[in-house]
1. Being touching a residue at least 40 places away in the same chain (Cβ under 8 Å), of a type in the set (Lys, Arg) and either open to solvent by 40 Å² or more (accessible area, probe 1.4 Å) or touching a Pro at 6+ places or on another chain (Cβ under 8 Å) (or both): is that true of Arg314 here?
2. Given the conditions (1) open to solvent by less than 10 Å² (accessible area, probe 1.4 Å); (2) closer than 18 Å to Thr242 by Cβ, which single one is not true for Pro303?
3. Condition test on Pro349, is it surrounded by fewer than 14 Cβ atoms within 10 Å (Cβ to Cβ) and either free of Cβ contacts under 8 Å to residues at least 12 places away in the same chain or more than 20 Å from Pro186 (Cβ to Cβ) (or both)?
4. From the list Gly339, Gly365, Gly359, Gly330, which one is of a type in the set (Gly, Ala, Ser), closer than 19 Å to Glu171 by Cβ and assigned to a loop (DSSP other than H, G, I, E, B)?
5. Can you name the residue in the range 318-371 that is aromatic (Phe, Trp, Tyr) and within 24 Å of Ala253 (Cα to Cα) and is also nearest to the chain's Cα centre (by Cα) among such residues?
6. Restricting attention to the range 61-84, which residues are surrounded by 15 or more Cβ atoms within 10 Å (Cβ to Cβ) and not β-branched (Val, Ile, Thr)?
7. Any idea which of (1) touching a Leu at 6+ places or on another chain (Cβ under 9 Å); (2) assigned to a loop (DSSP other than H, G, I, E, B); (3) of a type outside the set (Phe, Trp, Tyr); (4) modelled with pLDDT of 90 or more is the one Thr206 doesn't satisfy?
Amino acid sequence: MAASLRVACGRKLFRVRPVSCGHRRFFTSGRGFFFRPRPLPLLVVTGGGYYGYQHYKRREDGAPPALATPTQVALYRSFPTRLLSRAWGRVNDAELPAWLRKPVYSLYIWTFGVNMQEAAVEDLRHYRNLGEFFRRRLKESARPLCSASCLVCPADGRIVHLGRVSSSEVEQVKGVTYSLEQFLGPQDGHSHASASTRSFRDRLLTSPDNELFHVVVYLAPGDYHRFHSPADWTVALRRHFTGSLLSVSPGVAGRVKDLFCLNERVALSGRWRHGFFSFTAVGATNVGSIRIYFDRELRTNAPHDKKGGFRDLRYAEAEPAEGGVALQRGEAVGEFNLGSTVVVLFEAPKSFAFSVEPGQTVRVGEGLGSL
């Protein structure tokens, strides 16, 4: 009696029966839909399982992580990270009930170690959604500018890599590089003859007595999400690269070559008193939205955008009187929707020296180096 009752309940709950289809047999629900394997979930499960096994094997052997193979990178890029990032953006913009804001934000503060005493508004109920909380302003006194340095930190975060750029391959982390030419795109003002005899790095320099330097700052989810101008300079060109939205955490950056070139990014290029200067905001998973305050036309991670290629906007043509957009050191430039990475590439005399080190935690306004 009990056994028959269990069988009857099972049939009522699941209503699964074999259905003949030619020489094959499938299973269907009571509504008559056949079960068919889905390619994307299958790829995610198998790829994730394989990656997890390899990661466990490396940890067990004590071997350092190896570079991802082209197949692994292609599999990673096939994941719908752009779609997921847009979905996360909708979650960010969803208004929370007033009674729910404090518990949700308090959990985030506890998880990522956010210092709300620096916020311009400390009352958690003031932030209507997660996006407003992520992009919160700080008190004016929270980030003083270093007066002894000609270059200050543009964002809160951690120094991933820095130093002189000696070739057209730049280190995104120690031992893993990206192509400078792919990262910035083609530059104007150079003849084809000079382009064939000089490297891309050399063509960026305005003086043979100068060097090219770079610094990479990684913003974690708990960091302040706005970025500021690291120096007094003039932006002549905005170049928006459409691309993937892969994670840019140091662990991933240490395995994927040319990661910064694969991801969507906004590169601002121009001049400062020593020559070439560029500031690039690199997007990442859940950080598809990059906002530049003085550029209302910019739209990142739009549904119709395809991976690859770039679009230019020349501020020098839009503002001919000024020759571009003038930024002051420490001025707020834009914001991310979560954490990501900023890359500063600049020309300076050979006597320039950094005052920070890789792995060091930094904040907006702290000195990065001086002459």
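The values are calculated or read from the model by the stated rules, or taken from the named source; none is laboratory data. The structure presented is a predicted model; accordingly, all values stated were derived computationally and were not measured. Ideal geometry is used to build each Cβ from the backbone, glycine not excepted, and the neighbour counts take in all protein chains shown. With ligands, DNA and RNA removed, areas are computed over all heavy atoms of the protein, side chains included. Shrake-Rupley method; radii C 1.70, N 1.55, O 1.52, S 1.80 Å.
1. Answer is yes for this residue.
2. All conditions pass for Pro303, except number (1).
3. Taking the combined requirement at face value, the residue satisfies it.
4. The match here is Gly359.
5. For the range 318-371, the residue satisfying everything is Phe336.
6. Within the range 61-84, Ala68, Gln72, Leu75, Tyr76, Arg77, Phe79, Arg82 qualify.
7. All conditions are met except number (1).
Here is a yes/no grid of residues against (1) more than 30 Å from Ile109 (Cβ to Cβ); (2) among the hydroxyl-bearing types (Ser, Thr, Tyr); (3) at pLDDT 95 or above; (4) outside any strand (DSSP E or B):
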position	(1), (2), (3), (4)
Phe277	yes, no, yes, no
Thr285	no, yes, no, yes
Phe294	yes, no, no, yes
Asp305	yes, no, no, yes
Gly308	yes, no, no, yes
Glu317	yes, no, no, yes
